[in-house]
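So the structure is just underneath, and the comments pick up after that.
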Amino acid sequence: MAANSEAPTPDSPDALVAVVSGGASGIGAAAAAALIARGVHVAALDLNPDEVAAPAVGIACDVSDDASVRAAVEQVVQRFGRIDVVVNNAGIAAQGGIDDNDDAEWLRVLNVNVVGMVRLARAALPHLRKSPAAAIVNTCSIFAWTGVPKRTLYSASKGAVYSLTLAMAADHAREGIRVNAVAPGAVDTPWITRVLAMAPDPQAARAALDDRHPIGRLTRPEEVGEAIAYLAASATGTTGTVLSVDGGIHTLRL
Ligand code: NAD
């Protein structure tokens, strides 16, 4: 694995290449920007590739569909010739307890939030194995280890991402592929705007959520993006870590 100081420069033909799922919005877009600032080429794989901000390259991809993921990875390799970093970030929300969602809904959400990450990592694996600086970063959540009421399906999906991160780190360490995750709390992205819009008074709900965080505000997508870029491109001695980027909210009993 190359140390950060040995990383290729952006102009070098050896510049690293990252794929970022869900890279058109929120945390994924911020991760793409942070990686680009480190001289990494970024392909943002998203349902909405036209919304990807340049210089990241938008590529149509639905992580819930294996053929779509494999085709997107093939497109990235055709364009850039390599893949060094996978940011498994695409995810969807789910509300409710075990009796609020039927099997189909459970499988729909797990298919995106968990199997989607497996699919993209699996499709990229042959390319990561050739990289001198291979890394995978998964977007987990504080919900992986908290019992927030009526978020059962979403929490279970992120619990699986937590375990997946540790297991993949163990599986691929000797191949030189590091696997880590970030665990955000509430991040100020379009996602949280949609969640707050469901509250009777969205402004009051936002103020209460800000106040709940020890730092007195939601985390910014750029702060999570920076942590993802650090784990992906700088943290050469770190694998199997789930890094909280949550304004300290994991220190509280929720
Ligand atoms: P967002 O809604 O702003 O962005 C999500 C992006 O993922 C969108 O561009 C969307 O088009 C894309 N996407 C959704 N389903 C996809 C699919 N099947 N295939 C490809 N792309 C798909 O959300 P965000 O807040 O940036 O969330 C990103 C990740 O962060 C998710 O995994 C989410 O669970 C996690 N997260 C978010 C928060 C938060 O408070 N915003 C907190 C903890 C964890």
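The values are calculated or read from the model by the stated rules, or taken from the named source; none is laboratory data. Only a predicted model underlies this, so the values are computations on that prediction, with no experimental measurement involved. Every residue, glycine among them, receives a Cβ derived from its backbone with ideal geometry; neighbour counts consider all protein chains shown.
Within region 81-88, is there a residue that is small (Gly, Ala, Ser) and surrounded by 14 or more Cβ atoms within 10 Å (Cβ to Cβ)?
no
Among the residues in region 226-234, are any touching a Gly at 6+ places or on another chain (Cβ under 9 Å), more than 16 Å from the ligand (Cβ to nearest atom) and farther than 14 Å from ILE142 by Cα?
Scanning region 226-234, I find at least one residue that is touching a Gly at 6+ places or on another chain (Cβ under 9 Å), more than 16 Å from the ligand (Cβ to nearest atom) and farther than 14 Å from ILE142 by Cα, so the answer is yes.
Which residue, of VAL86, VAL76, VAL63, is of a type outside the set (S, T, N, Q), touching a strand residue (DSSP E or B) at 6+ places or on another chain (Cβ under 8 Å), within 15 Å of the ligand (Cβ to nearest atom) and assigned to a strand (DSSP E or B)?
On the way: VAL76 fails: assigned to a strand (DSSP E or B); VAL63 fails: assigned to a strand (DSSP E or B).
That would be VAL86, the only listed residue that is of a type outside the set (S, T, N, Q), touching a strand residue (DSSP E or B) at 6+ places or on another chain (Cβ under 8 Å), within 15 Å of the ligand (Cβ to nearest atom) and assigned to a strand (DSSP E or B).
Which one of the conditions (1) farther than 16 Å from ALA227 by Cα; (2) part of a loop (DSSP other than H, G, I, E, B); (3) in contact with a Gly (Cβ under 9 Å, 6 or more places away or on another chain) does GLY58 fail to meet, given that it meets all the rest?
(2)
Mind checking which pairs have a first residue in region 40-65 that is of a type in the set (S, T, N, Q) and a second that is in a helix (DSSP H, G or I) and surrounded by 24 or more Cβ atoms within 10 Å (Cβ to Cβ), Cβ under 8 Å, 6 or more apart or different chains?
SER64/GLY116
Out of (1) of a type outside the set (S, T, N, Q); (2) touching a residue at least 40 places away in the same chain (Cβ under 8 Å); (3) more than 16 Å from the ligand (Cβ to nearest atom), the odd one out for VAL137 is which?
With respect to (1) of a type outside the set (S, T, N, Q); (2) touching a residue at least 40 places away in the same chain (Cβ under 8 Å); (3) more than 16 Å from the ligand (Cβ to nearest atom), VAL137 is out only on (3).
Any idea which residue in region 89-122 is farthest from the ligand (Cβ to nearest atom), counting only those that are among the small types (Gly, Ala, Ser) and not in a helix (DSSP H, G or I)?
Here the residue is GLY97.
If you take just the helices (runs of 4 or more DSSP H) that sit entirely in region 139-254, which of them hold at least 1 residues that are at pLDDT below 95, in contact with a helix residue (DSSP H, G or I) (Cβ under 9 Å, 6 or more places away or on another chain) and surrounded by fewer than 19 Cβ atoms within 10 Å (Cβ to Cβ)?
190-196, 202-212
For region 156-177, state whether one or more residues are touching a strand residue (DSSP E or B) at 6+ places or on another chain (Cβ under 6 Å), more than 14 Å from the ligand (Cβ to nearest atom) and more than 19 Å from GLY237 (Cα to Cα).
Taking every residue of region 156-177 in turn, none turns out to be touching a strand residue (DSSP E or B) at 6+ places or on another chain (Cβ under 6 Å), more than 14 Å from the ligand (Cβ to nearest atom) and more than 19 Å from GLY237 (Cα to Cα).
Yes or no, residue by residue, for (1) within 15 Å of the ligand (Cβ to nearest atom); (2) of a type outside the set (Ser, Thr, Tyr); (3) modelled with pLDDT under 95; (4) assigned to a strand (DSSP E or B):
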residue: PRO8; (1), (2), (3), (4): no, yes, yes, no
residue: ASP14; (1), (2), (3), (4): no, yes, yes, no
residue: GLY23; (1), (2), (3), (4): yes, yes, no, no
residue: ILE36; (1), (2), (3), (4): no, yes, no, no
